[in-house]
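Chemist: Here you go, one structure.
The values are calculated or read from the model by the stated rules, or taken from the named source; none is laboratory data. What you see is a predicted model; the values in this text were computed from it and never measured. FYI the Cβ positions are ideal-geometry reconstructions off the backbone, even for glycines, and counts take in every protein chain you see. Heads up: the accessible areas ignore ligands, DNA and RNA and are worked out on the full protein's heavy atoms, side chains in. Shrake-Rupley method; radii C 1.70, N 1.55, O 1.52, S 1.80 Å.
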Amino acid sequence: MKHIHSIIVLCLILFLGTSCENDGFYYQDEPRVRMEGPEIWTLGTDSLEFSFVTTPSDITEKTMDVTLYIMGMTTEYDRTVLLEANTEKTTADKSLYDFPTSVTIPANANQAICTVTLKRADILQEQTVRLYIQTVANEDFAIGNNEQNHILIKWNDILSKPNNWNELEEFFGSYSDTKYRFILNNAGVSEFSTETMSWAELQSYKIKLTNALNEYNQAHPGNPLRDENNQLVNFNN
């Protein structure tokens, strides 16, 4: 009986020793960094997509905060994360974006923010561009796992005809890209629906937009707003 009891005690000691040895050491590799975009845009994926379409025309930039998380222990001194754009996977011209190529992880911290600025330009009305930001190995951090050592950002300013335009035609007339962009720039809202908006509400938007169009045309005598088909923009047909 004593022999059995001794075996049980020995097993318990070994179990507790192993547990204590592993406790708090879930990551024992060299320090690395993983990147995560804003959750609202990138939850469950390594890419972020954005369009300037629904923003007023005077908005020329959009900032996105990418979080850099430490894989490993914190330190009592500052460390530096190096970043670069992968030129083979990036299609955006350098004039269309900005981000820091080095970010400091403060002492005793396990994360820091890298702010990426996306810029608006006419070319975005014709195509979607890509920016692939990746970590670079240095004396502080090795390159992280393939799935988390980068962030891919795609953005454009491309209009597309709303699927429910046939329901909106009563209020805004026939569709054109020029008209729709004018609506988005002046209505104060980015979506219209006969299911969520009353007839009176949509009619009030038509009046508001008609007034805005009249003001535009008065401010541009001899050059009223025309669409991509050279037709005068109006909200009656």
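Chemist: Quick check on this structure: which one of THR117, THR128 is over 14 Å from ARG34 (Cβ atoms), in contact with a strand residue (DSSP E or B) (Cβ under 8 Å, 6 or more places away or on another chain) and open to solvent by 60 Å² or more (accessible area, probe 1.4 Å)?
Modeler: The conditions single out THR128.
Chemist: I'm trying to understand the selection: among the residues of the range 93-109, which are open to solvent by 80 Å² or more (accessible area, probe 1.4 Å) and either in a loop (DSSP other than H, G, I, E, B) or touching a residue at least 12 places away in the same chain (Cβ under 8 Å) (or both)?
Modeler: ASP93, ASP98, THR101, ASN108
Here's the yes/no breakdown for (1) open to solvent by less than 60 Å² (accessible area, probe 1.4 Å); (2) more than 20 Å from ASN163 (Cα to Cα); (3) hydroxyl-bearing (Ser, Thr, Tyr); (4) in a loop (DSSP other than H, G, I, E, B):
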| residue | (1), (2), (3), (4) |
| --- | --- |
| SER190 | yes, no, yes, yes |
| GLN203 | yes, no, no, no |
| LYS206 | yes, no, no, no |
| ASN223 | no, yes, no, yes |
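Chemist: Going through LEU232, LEU184 one at a time, which residue ends up being surrounded by 12 or more Cβ atoms within 10 Å (Cβ to Cβ) and of a type in the set (A, V, I, L, M, F, W, C)?
Modeler: LEU184
Chemist: Quick one: how many residues across the range 46-75 are closer than 18 Å to VAL33 by Cβ and part of a loop (DSSP other than H, G, I, E, B)?
Modeler: Count: 5.
Chemist: Continuing with this model, one more query. Is at least one residue of the range 4-27 modelled with pLDDT of 95 or more, over 20 Å from the mean Cα position of the chain (by Cα), under 28 Å from GLU147 (Cα atoms) and part of a loop (DSSP other than H, G, I, E, B)?
Modeler: Of the range 4-27, the ones modelled with pLDDT of 95 or more are none.
No, because not a single residue in the range 4-27 is modelled with pLDDT of 95 or more, over 20 Å from the mean Cα position of the chain (by Cα), under 28 Å from GLU147 (Cα atoms) and part of a loop (DSSP other than H, G, I, E, B).
Chemist: Kindly indicate which of ASN163, ASN185 is in a loop (DSSP other than H, G, I, E, B) and either modelled with pLDDT under 95 or closer than 30 Å to GLU76 by Cα (or both).
Modeler: Testing whether each residue is in a loop (DSSP other than H, G, I, E, B) and either modelled with pLDDT under 95 or closer than 30 Å to GLU76 by Cα (or both) leaves just ASN163.
Chemist: State which residue pairs qualify: first residue modelled with pLDDT of 95 or more and open to solvent by less than 80 Å² (accessible area, probe 1.4 Å) and inside the range 77-92, second residue in a strand (DSSP E or B) and among the hydroxyl-bearing types (Ser, Thr, Tyr) in any location, beta carbons under 6 Å apart, and separation of 6 or more residues or different chains.
Modeler: From residues that are modelled with pLDDT of 95 or more and open to solvent by less than 80 Å² (accessible area, probe 1.4 Å), the pairs are THR80/SER102; THR80/THR104; LEU82/SER102; ASN86/TYR132; THR90/TYR132.
Chemist: Hey, another quick one. If you take the residues of the range 135-159 that are part of a loop (DSSP other than H, G, I, E, B) and touching a helix residue (DSSP H, G or I) at 6+ places or on another chain (Cβ under 9 Å), which of them is surrounded by the most Cβ atoms within 10 Å (Cβ to Cβ)?
Modeler: This residue is ASP157.
Chemist: Is there any pair linking a residue in the range 217-232 that is in contact (Cβ under 8 Å) with a residue 12 or more places away in the chain to one that is loosely packed, with under 14 Cβ neighbours inside 10 Å, with Cβ under 8 Å and at least six apart or on different chains, and which?
Modeler: Within 8 Å, the pairs are LEU225/LEU232; ARG226/LEU232.
Chemist: Let me ask something additional. Failed condition for LEU168, given (1) touching an Asp or Glu at 6+ places or on another chain (Cβ under 9 Å); (2) farther than 30 Å from TYR97 by Cβ, with all others met?
Modeler: (1)
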